[in-house]
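Written out below as structure tokens is the structure these notes cover.
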Amino acid sequence: MKLVLHLLFVMLCLCSCQSDKAGSDSIFSEVLKTEQSEISYNISGEGKIALLFVHGWNINKSYWDAQQDQFSKDYQTVAMDLPGFGSSKNLLGQFTIDSFAKDINALINHLEFKKVVLIGHSMGGRIILEAAQDNDKVIALIGVDNYKEVQQKLNDELKAEADGFVEWLKADFANNSSVYVDQYLIYEGADSLVRKRIVDDYRAANPETSIPAIQTYLDYPYSEQERLTNLNVPLFLISSDMSPVDTVGLQNTGLEYSVFEMSQTGHFPMVEQPDAFNQMLAQILKEINKKND
């Protein structure tokens, strides 16, 4: 009887772990606990190259579901919640660009990635940029609607504007953050359910983590151009045409870069236009694979 049960268990495990190229692999939810954080992440697929998806401000790893569904057929894909968002926690109460970058690298090391593409949306662009500094496992960066003012560096005028924005958020976080995203960051023709999802997530975000996170983002002491100059991996951008990319600043980094522009989407193309987004991401990954054959 024990033998029969053991064989049944093995068969169930094999069935649940089988990869089917005609459909997406199963997505497993895991938690990595470090001295700093408890990192919740979804992992799926197999491949020599791993894709690590990092969300932006006030959202979570579920915003990459359509990408994991498609790309886990050919890659190992991981979508993580940044601590303070979704199901992840920072045990030290730190919600900074540097602490988030350490979480990314802790996850890369834990999963023993040899080649990883970091994909960061919005604020996640600066976080993956910091994580990629002196990390020889990172083979490419993909920014999603970010790197639009790479030459800009914090000065007194920008500091005053940033502080004013933060104070406005503090006055009525739930209402003001949701109004901000609804009016300025979502395409006017976006699906109503997608719009509601994003607005609701902004409204429900925890101000005790959200405000420090946006403050550290706005107080970034470098220009992105400076940090990009330190890298020697290609940069790819998938960008909404609602605002232009700073191509002059990117040229000055000396990096190899490519910009893929999307129309009829706002700041969240991976959920506003997931099919078109995935087509562009597939094209980018094809280029990355050519460079790493």
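The values are calculated or read from the model by the stated rules, or taken from the named source; none is laboratory data. Just so you know, these numbers come straight off a predicted model, no measurement behind them. Glycine gets a Cβ as well: all are built from the backbone with ideal geometry, and neighbour counts include every protein chain shown. Areas reflect the complete protein model, heavy atoms only, side chains present, ligands, DNA and RNA absent. Shrake-Rupley method; radii C 1.70, N 1.55, O 1.52, S 1.80 Å.
Rolling a 1.4 Å probe across all protein chains gives Ile139 an accessible area of roughly 30 Å².
Using a probe of 1.4 Å, the accessible surface attributed to Lys290 totals some 140 Å² when neighbouring protein chains are kept in position. Between 0 and 90 degrees, the angle of helix 192-204 with respect to the longest Cα principal axis of the chain falls at about 80 degrees.
Which value, in debye to the nearest 20, gives the size of the charge dipole of the chain about its Cα centre, when Lys and Arg are +1 and Asp and Glu are -1 at the Cβ?
On the way: 24 positive and 41 negative charges, 198 e Å.
The dipole of the chain has a size of about 960 debye.
Put Asp200, Asp136, Asp191 in order of accessible area, highest first, and with a 1.4 Å probe you get Asp136, Asp191, Asp200. Computed from Cα positions, the angle between helix 97-110 and the longest principal axis of the chain comes to roughly 10 degrees. DSSP bridge analysis restricted to the chain gives an antiparallel fraction near 30%, rounded to the nearest 5.
Considering helices alone, the calculated mean residue ellipticity of the chain at 222 nm is -13500 deg cm²/dmol, with DSSP H runs of length four and up weighted by -39500 (n - 2.57) and normalised per residue. Using R0 = 25 Å, the C-beta based FRET efficiency linking Asn175 and Asp219 works out to 0.55.
Of the solvent-accessible surface of the stretch 134-268, computed with a 1.4 Å probe over protein heavy atoms with every protein chain present, carbon and sulfur atoms account for 46 percent.
When ligands, DNA and RNA are left out and all protein chains stay put, how many square angstrom of accessible area per residue does the chain have with a 1.4 Å probe?
Details: 14170 Å² over 293 residues.
Result: 48 Å² per residue.
When the chain is treated as a Gaussian network with alpha carbon springs shorter than 10 Å, the biggest mean-square fluctuation among Asp219, Asp98, Asp163 belongs to Asp163. Straight-line cross-link reach from Lys159 at under 25 Å between alpha-carbon atoms covers these lysines, not counting any fewer than eight positions away in the same chain: Lys148, Lys170. Between helix 156-171 and the chain there is an angle of about 70 degrees, using the helix long axis and the longest principal axis of the Cα atoms. With a cut-off of 20 Å on the backbone N, the residues of the stretch 81-101 near the modelled label site 7 Å out from Glu208 along Cα-Cβ are 81-97, 99-100. Within the straight-line cut-off of under 19 Å between alpha carbons, the lysines reachable from Lys73 are Lys21, Lys48, Lys61, Lys114, Lys115, Lys286, Lys290, sequence neighbours fewer than 8 places apart in one chain being disregarded.
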